Amino acid sequence: MLYQLLNQWDETFGLDEARAHCDIPCGIYDPHLAQMAALTVIRMVDLMEDLVKGEIKETMTFHNSLTRYILIKEEHAELCKREIRVIFGDFIKKEHVEKYPELPTLFHKIMQAGSKARQSASREAGLELLALVNRFAEIFWEIKGIPTKRVKAPYKPEEEIVYPVL
């Protein structure tokens with residue numbers, strides 16, 4: 001019954017058709033969280049490396065810290081993958097892929113790099129994840145018509161990230 005009323009109202013007043021990319025629609029997409037997650041992966045590996053260089057490895061504090069660093073590294077690698085998956089699935093359209101044909105392959109590489117970052121304690125794996133996410137961010141902001149710049153993060157691990165120029 002409600003559908004019929006709304007349909008009649010639409011026919012009477014000629015309402016514009018609403019189109020949305022998601023259920024809400026929020027329109028809030030930003031690869032920044034994926035970039036921060038990739039930086040966190042690198043930072044956790046750095047902290048793990050510093051920790052194992054210490055002399056006392058058989059203490060509860062050592063094992064507690066190492067476990068926490070591993071947990072955070074894995075959570076953030078997965079967070080990075082999730083953020084890119086959402087943007088790719090909800091924001092990226094056919095016309096974006098036509099203009100940037102590297103997008104599907106880039107997306108797949110990010111998913112693989114995120115998994116590799118979870119599976120390893122390799123700084124290089126984290127750097128590769130960040131490099132791929134930075135490239136995704138460049139394309140994302142270009143699609144939105146916003147120029148970008150590369151800057152050194154103002155916190156450890158002080159790696160380069162892509163920022164929109166607002």
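The values are calculated or read from the model by the stated rules, or taken from the named source; none is laboratory data. Keep in mind that this is a model prediction, so the values were computed, not measured. Reconstructed Cβ throughout: ideal geometry from the backbone, glycine too, with neighbour counts over all protein chains shown.
Filtered by the rule that a residue be among the hydroxyl-bearing types (Ser, Thr, Tyr) and exposed (fewer than 11 other Cβ atoms within 10 Å of the Cβ), region 130-166 gives a lone residue, 155. Scanning region 130-166 for residues that are β-branched (Val, Ile, Thr) and assigned to a loop (DSSP other than H, G, I, E, B) yields 146, 165. Between 77, 34, the distinction of being within 23 Å of residue 146 (Cα to Cα), modelled with pLDDT of 95 or more and in a helix (DSSP H, G or I) belongs to 34 only. Look at region 53-80 and say how many of its residues are among the hydrophobic types (A, V, I, L, M, F, W, C), surrounded by 11 or more Cβ atoms within 10 Å (Cβ to Cβ) and either over 25 Å from the mean Cα position of the chain (by Cα) or under 18 Å from residue 161 (Cα atoms) (or both). Counting residues in region 53-80 that are among the hydrophobic types (A, V, I, L, M, F, W, C), surrounded by 11 or more Cβ atoms within 10 Å (Cβ to Cβ) and either over 25 Å from the mean Cα position of the chain (by Cα) or under 18 Å from residue 161 (Cα atoms) (or both) gives 4.
Does residue 83 fit the bill of being of a type in the set (Asp, Glu), part of a helix (DSSP H, G or I) and surrounded by fewer than 19 Cβ atoms within 10 Å (Cβ to Cβ)? Answer is no for this residue. Of all residues in region 71-97, those that are farther than 13 Å from residue 129 by Cα have Cβ atoms under 8 Å from Cβ atoms of residues that are among the polar types (S, T, N, Q) and in a helix (DSSP H, G or I), 6 or more apart or on another chain, in 72/40.
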